[in-house]
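Comments concern the structure below.
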Ligand code: URA
């Protein structure tokens, strides 16, 4: 791929803007030799203003989403993309979120520019478990786990029952819920269906991948081993 296209795809600017960067001599090889727009040089050998390039296409990353950020590229207010380097929003193919978390939900959020991987992760066939910790307004009644595990629970205005889900009671108002689907506001609606209300929600795990000690608001790129870990666990 010609360098001008590579840099435009990585979000360094439009083709026109990137072409100017070449004219200004801002794009060099590792030894500082100026490169030209139609050169074809390996990603690792290119520098912009002396800095290595952003990660190549085929990028998947994990963000510890804080509450208050929306999973969108253009909503008003704070966006999850505000927590990533600004260029990441301009990449082509787009770096999209893998599913969504509500604005007020915190925790593990994945992004990828790999459409095939995205479909593998969200595919009902993969049935990847997603683990949520919920803080509830009311004490649990005690019958929720059986109902959630039944495979017969219907959410309001839906006709297909939910797949069995696993509820662990952590305290009267704290629960860990593992689901293998991704229906709209699923966790909040499940607790609403049993007369409760979720006051805080955090996702700690997707598939075999956990947030571990990644601080809130921070992200890291996933490598092939991470992706294997992610896909290894089935619900
Ligand atoms: N279920 C919800 O209700 N909200 C989320 O953000 C994720 C799952």
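Laboratory data are not the source of any read-out in this text; all were calculated from the coordinates shown. Bear in mind that the values here come from a model prediction, so they are computed numbers and not experimental data.
For the reader, a short list of remarks on this structure follows.
- Distance distribution note for the range 81-221: the fraction of Cα pairs above 18 angstrom is 59%.
- Across every pair of non-identical alpha carbons in the range 1-110, the mean reciprocal distance, once inverted, gives a Kirkwood radius of 15.2 Å.
- Relative contact order [Cα under 8 Å, 6+ residues apart], the chain, whole percent: 20
- Separation between Cα centres of the range 101-125 and the range 1-19, rounded to whole Å: 27
- Averaging 1/r over every pair of different alpha carbons in the range 3-52 and inverting the result gives a Kirkwood radius of 10.4 Å.
- Rounded if a/c under 1.5, otherwise prolate or oblate - the range 108-150, Cα gyration tensor axes: oblate
- P(r) tail for the range 130-206: Cα pairs beyond 15 Å make up 48% of the total.
- Estimated [θ] at 222 nm from DSSP helical runs (n ≥ 4, -39500 (n - 2.57)) normalised by residues in the chain, nearest 500: -5500 deg cm²/dmol
- Here the translational diffusion coefficient of the chain follows from Stokes-Einstein with Rh set to the Kirkwood radius across Cα pairs; for 37 °C and 0.692 mPa s it amounts to 166 µm²/s.
- Over all pairs of different C-alpha atoms in the range 46-123, the reciprocal of the mean inverse distance, the Kirkwood hydrodynamic radius, equals 13.4 Å.
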